[in-house]
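Trainee: Here's a structure for you.
The values are calculated or read from the model by the stated rules, or taken from the named source; none is laboratory data. All values derive from a computational prediction rather than experimental measurement. Virtual Cβ from ideal backbone geometry, glycine too; neighbours counted across all protein chains shown.
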Amino acid sequence: MTSGSDGRRPVLTGLGAVSCLGAGVGPYWNALLAGGAAPREVDLPHLNMRATRMYRVPGAAVPEHPRRHAGVPLGAVPRMAVAAALEALDDAGIAGPDRADVAVVMGSEMGNASVQEERRGAGGAGRPRWTPLAVAGAAVGTAIGSRRGNIGVGNACSAGGYALGIASDLIRSGEASVVLVGAADGVTRVGMGGFDRLGAADPQRCRPFARDRAGTMFGDGAAMVVLESTTHARRRGARAYAELAGVAWSCDARHPTAPDPDAAQLVRAMREALADAGLRPDQVGCVLPHATGTALNDAVESRALRQVFGPGTDRLPLFALKAMIGHTSAAAGIFACLTAALVVSRARIPANAPLEQDPDCAVWLPLEGPLRLERPAVLANTCAFGGNNSSFALTGPGGTT
Amino acid sequence: MPGTPAGRWAVPPDGTPPETSPVITGCGLAVSGLRDEYDLLEPTATGAEHDPDAGRAGPGMRHKDRASRLALHAVRRALAGAALPDPAATAVVVSSNFGNLDTVCDFTDTIAAETVTGLSPIRVPHMSSNVTAGWVALEHSLRGPNITLCSGTTSGLDAVFWAATLLAAGRAEAAVVVGVEPDTAPVARLHREHGARSWLDGAACLIVEKPEHARARGVRPRAVITGYGRAARRDDAVRQATKAYDRPLGLWVAPGPGGLDLTARLGRCSGALGVLQCAAAAARFDRSADDAVQAVAGDEHTGARTEGDPGGVAALLLTRPESGHPGGDRHDIRV
């Protein structure tokens, strides 16, 4: 190791969120400690399906601006992304002309599709204008005045995890010093309807690892984090929540939508993320699993965790975030990263939502809490259609807690 | 270098780069009117009868979306029947801005006409923006990183850069890079609404690997990925891409006059543009004495300004491999 490479270790210095728990990271954390949100009915026409609820961002938390980008009308998703981005940069203390030097990496699943959907669903009343996936990233880049690279990551429900890895590699390779990385997703009937038709949507709530779980339930929102090199953060005297110590990716290459029951590639992603971070499994004090509430995912992920952590799995606290905010699709990985950063920096793990646990999911979900984070690292997983897996590990800045 | 704080990116004590520059060893096209990458160099290529999606009902193609079918054709041609030696260490990087647009629009129309019960579960995977990368991985059992980029018109050159970065970071030994944009009804409508008269219907694939990996499996490097730049202006992007290269540039594969302008030839190529440009570069090294090709994507001549793009310009410098020589042969097409 040289001092040069040490200085490129990426640290998280700013956080921003708009979620079903409201606008802002402060209310988000307090609401997680208080047990999270309850889902609400989605009031859209033609749903005609079993599962019609989502973890919805309260109307008052959806910003009104910016309304357009390059002539494209912006729906709630890019607007929430811009609000979260500005919060994250303010939190990091990056202002004015310094924002021109911030690269943007943006994960998206349905992007600005709600605008397209509303207009097409209005009986052809409105002619939808161009709404490529990249528009959310473009709107964020413009809103903060970035003149650096702007990368759109379309890795479905693991887009957040992949975006974090791309941002981390930008910093570790020396391509960038500061990257605003995030993701946002919204309410679309296409997404809800698709999962309903696969029989993978729970009509009650998102119940990861529960005996009677019946599928996932989506949530909307945006999460953004500021990632910067240790050297850059030190030079400007910024405090860091955590270090993004390791990231790894893999692909099942087995089924277009379902996870590989053997979990070989998810296990590989977790082990490689720990190796990338220079961590042993017994140094992990909490895991934020992908844990969507679908029957297969949660059982497979439980087995994968036991392969990685062995008998120690019984004493390893898991925090099933989606039970509190739903499955935020592309944003799930960034919400997990943001939550992990708060767990590391505050050394506290929120209690899980009450559940009757599935005996086929042999993991520990503490129902009382918050617990103290007893070991230095937090590991998080994201998985997606296409067999995409991503794992990443956070530690205290400089490997401490 | 697992276990060190900088992990994969730790610089060796002597400061030398840990890897030599990655190389392109294979190209495959599935583009209407073109037989292969050499046709990109010939403005009067005669493959007009060729349908890039002719095998739509063939093995492994049924029930897939058009973008994925085009991509799978291009990948099969690029691999030319060869299997990559270590699928677990092979990445897939797909660039596409509109690959799933037809599925999403169709689903919306179906919901309006028939409610959600009209949606076919078989098509649900196609609504996902990463469906093409997933199918490519599935067909060839590629278990390395699986990335989908949708960064606008720079996305294809970005994808080639990220393939190179994956190799440099030790995340993969080889990468299958695909740029694909299907000509579906919603895509056509959106292009027309924004002033385009023609646009691509097709896919291009590159095999990118470490030089030693190519040597070990006995394949010929066709182009070296030498430099990359990304900036708000073309001049700055090119300056970044060429900062370590002081010899004369040969061909410019770039929008606008004075070079090989694939947008003028094929229409808007969006996320496929950069991958097609690199395929053209590989063909050029076989057919000329040029030592370098400069690819540029994302400025006003590619339609980026009207596509709601982030607005950046990407530049990629490709150079002739040391063992390279003019006069390579046209590929055998085995699909």
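Trainee: Of the conditions (1) over 30 Å from A:ALA245 (Cα atoms); (2) surrounded by fewer than 24 Cβ atoms within 10 Å (Cβ to Cβ), A:PRO27 clears all except one; give me its number.
Mentor: Answer for A:PRO27: the failing condition is (1).
Trainee: Against the condition surrounded by fewer than 22 Cβ atoms within 10 Å (Cβ to Cβ) and over 18 Å from the mean Cα position of the chain (by Cα), how does A:PRO97 come out, does it pass?
Mentor: yes
Trainee: What is the number of the single condition among (1) more than 10 Å from chain B (Cβ to nearest Cβ); (2) touching a Lys or Arg at 6+ places or on another chain (Cβ under 9 Å); (3) within 22 Å of A:LEU373 (Cβ to Cβ); (4) not basic (Lys, Arg) that A:PRO203 does not meet?
Mentor: Answer for A:PRO203: the failing condition is (3).
Trainee: Quick check on this structure: which one of B:VAL224, B:VAL253, B:VAL208 is surrounded by fewer than 24 Cβ atoms within 10 Å (Cβ to Cβ), under 17 Å from the mean Cα position of the chain (by Cα), under 18 Å from B:THR319 (Cβ atoms) and among the hydrophobic types (A, V, I, L, M, F, W, C)?
Mentor: B:VAL224
So that you can scan it fast, the table gives a plain yes or no per residue for (1) closer than 30 Å to A:SER173 by Cα; (2) in the same structural domain as A:LEU371 (by TED's automatic domain parsing); (3) part of a loop (DSSP other than H, G, I, E, B):
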{"position": "A:LEU44", "(1), (2), (3)": "no, no, yes"}
{"position": "A:ASN48", "(1), (2), (3)": "no, no, yes"}
{"position": "A:VAL57", "(1), (2), (3)": "no, no, yes"}
{"position": "A:VAL77", "(1), (2), (3)": "no, no, no"}
{"position": "A:VAL82", "(1), (2), (3)": "yes, no, no"}
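Trainee: I'm told B:THR110 meets every condition in (1) closer than 19 Å to B:ARG76 by Cα; (2) in contact with a helix residue (DSSP H, G or I) (Cβ under 9 Å, 6 or more places away or on another chain); (3) part of a helix (DSSP H, G or I); (4) more than 8 Å from every other protein chain (Cβ to nearest Cβ) except one. Can you identify the failing condition by its number?
Mentor: Status for B:THR110: all satisfied but (1).
Trainee: Is there a residue in region A:209-217 that is among the β-branched types (Val, Ile, Thr), more than 8 Å from every other protein chain (Cβ to nearest Cβ) and in a helix (DSSP H, G or I)? Explain how you work it out, then say what you get.
Mentor: If we filter region A:209-217 for residues that are among the β-branched types (Val, Ile, Thr), which is where we start, we get A:216.
With more than 8 Å from every other protein chain (Cβ to nearest Cβ) added as a condition, the list becomes A:216.
Okay, now just the ones that are also in a helix (DSSP H, G or I), so none.
Within region A:209-217 (the criterion being among the β-branched types (Val, Ile, Thr), more than 8 Å from every other protein chain (Cβ to nearest Cβ) and in a helix (DSSP H, G or I)), the answer is no, since none of the residues qualifies.
Trainee: Find the residue count for region A:154-185, including only residues that are of a type outside the set (S, T, N, Q), farther than 22 Å from A:ALA83 by Cα, assigned to a loop (DSSP other than H, G, I, E, B) and within 9 Å of another protein chain (Cβ to nearest Cβ).
Mentor: Number of matching residues: 2.
Trainee: Another question, then. Could you list, in sequence order, all residues of region B:172-201 that are away from every other protein chain (no Cβ under 14 Å) and within 11 Å of the chain's Cα centre (by Cα)?
Mentor: B:VAL177 - this is the single residue of region B:172-201 that is away from every other protein chain (no Cβ under 14 Å) and within 11 Å of the chain's Cα centre (by Cα).
Trainee: Within region A:244-264, can one find any residue that is closer than 25 Å to A:VAL18 by Cβ, within 12 Å of chain B (Cβ to nearest Cβ) and in contact with a Ser or Thr (Cβ under 6 Å, 6 or more places away or on another chain)?
Mentor: Yes, region A:244-264 contains at least one residue that is closer than 25 Å to A:VAL18 by Cβ, within 12 Å of chain B (Cβ to nearest Cβ) and in contact with a Ser or Thr (Cβ under 6 Å, 6 or more places away or on another chain).
Trainee: Under the condition of being facing another protein chain (nearest Cβ under 7 Å), out of contact with any Pro (no Cβ under 8 Å at 6 or more places or on another chain) and touching a residue at least 40 places away in the same chain (Cβ under 8 Å), which residue from region B:120-143 is surrounded by the most Cβ atoms within 10 Å (Cβ to Cβ)?
Mentor: B:ALA133
Trainee: For region A:12-27, check the following and say yes or no: at least one residue is touching a residue at least 40 places away in the same chain (Cβ under 8 Å) and within 14 Å of chain B (Cβ to nearest Cβ).
Mentor: no
Trainee: Among the β-branched types (Val, Ile, Thr), within 13 Å of chain B (Cβ to nearest Cβ) and within 22 Å of A:CYS361 (Cβ to Cβ): is that true of A:THR230 in this structure?
Mentor: It is false that A:THR230 is among the β-branched types (Val, Ile, Thr), within 13 Å of chain B (Cβ to nearest Cβ) and within 22 Å of A:CYS361 (Cβ to Cβ).
Trainee: Given region B:174-288, what helices (runs of 4 or more DSSP H) lie entirely inside it while holding 2 or more residues that are over 29 Å from B:ASP51 (Cβ atoms)?
Mentor: Hits in region B:174-288: B:211-216, B:234-241.
Trainee: Restricting the first residue to region B:83-97 and requiring it to be touching a residue at least 12 places away in the same chain (Cβ under 8 Å), which pairs with a second residue that is surrounded by fewer than 16 Cβ atoms within 10 Å (Cβ to Cβ) and among the aliphatic types (A, V, I, L, M) meet a Cβ separation below 9 Å and a spacing of at least six or different chains?
Mentor: B:PRO85/B:ALA216
The rows are residues; the columns are (1) among the hydrophobic types (A, V, I, L, M, F, W, C); (2) at pLDDT 90 or above; (3) in contact with a helix residue (DSSP H, G or I) (Cβ under 6 Å, 6 or more places away or on another chain).
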| residue | (1), (2), (3) |
| --- | --- |
| B:VAL208 | yes, yes, yes |
| B:ARG222 | no, yes, yes |
| B:ARG247 | no, yes, no |
| B:GLY256 | no, no, yes |
| B:THR263 | no, yes, yes |
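Trainee: Hey, another quick one. Quickly run through region B:136-169 and pick out the residues that are outside any helix (DSSP H, G or I) and farther than 22 Å from A:GLN265 by Cα.
Mentor: Step one: filter region B:136-169 for residues outside any helix (DSSP H, G or I), giving B:141-151, B:169.
B:CYS150, B:SER151 - these are the residues of region B:136-169 that are outside any helix (DSSP H, G or I) and farther than 22 Å from A:GLN265 by Cα.
Trainee: Out of A:MET192, A:MET224, I need the residue that is surrounded by 22 or more Cβ atoms within 10 Å (Cβ to Cβ) and not in a strand (DSSP E or B). Which one?
Mentor: On the way: A:MET224 fails: not in a strand (DSSP E or B).
The conditions single out A:MET192.
Trainee: A follow-up question, please. Considering region A:275-316 alone, what residues qualify as being aliphatic (A, V, I, L, M), crowded, with 24+ Cβ neighbours inside 10 Å and either within 14 Å of chain B (Cβ to nearest Cβ) or part of a loop (DSSP other than H, G, I, E, B) (or both)?
Mentor: Listed by number, the residues that qualify are A:ALA277, A:ALA291.
Trainee: Yes or no: A:LEU86 surrounded by 19 or more Cβ atoms within 10 Å (Cβ to Cβ) and not in a loop (DSSP other than H, G, I, E, B)?
Mentor: In short, no.
Trainee: Can I ask one more? What do you reckon, is A:HIS65 out of contact with any Cys (no Cβ under 8 Å at 6 or more places or on another chain) and on the phi > 0 side of the Ramachandran plot?
Mentor: So A:HIS65 fails the test.
Trainee: Quick check on region A:231-268: of everything there that is touching a helix residue (DSSP H, G or I) at 6+ places or on another chain (Cβ under 6 Å) and of a type in the set (Asp, Glu), which residue is farthest from A:ALA200 (Cα to Cα)?
Mentor: Among residues in region A:231-268 that are touching a helix residue (DSSP H, G or I) at 6+ places or on another chain (Cβ under 6 Å) and of a type in the set (Asp, Glu), the one farthest from A:ALA200 (Cα to Cα) is A:GLU243.
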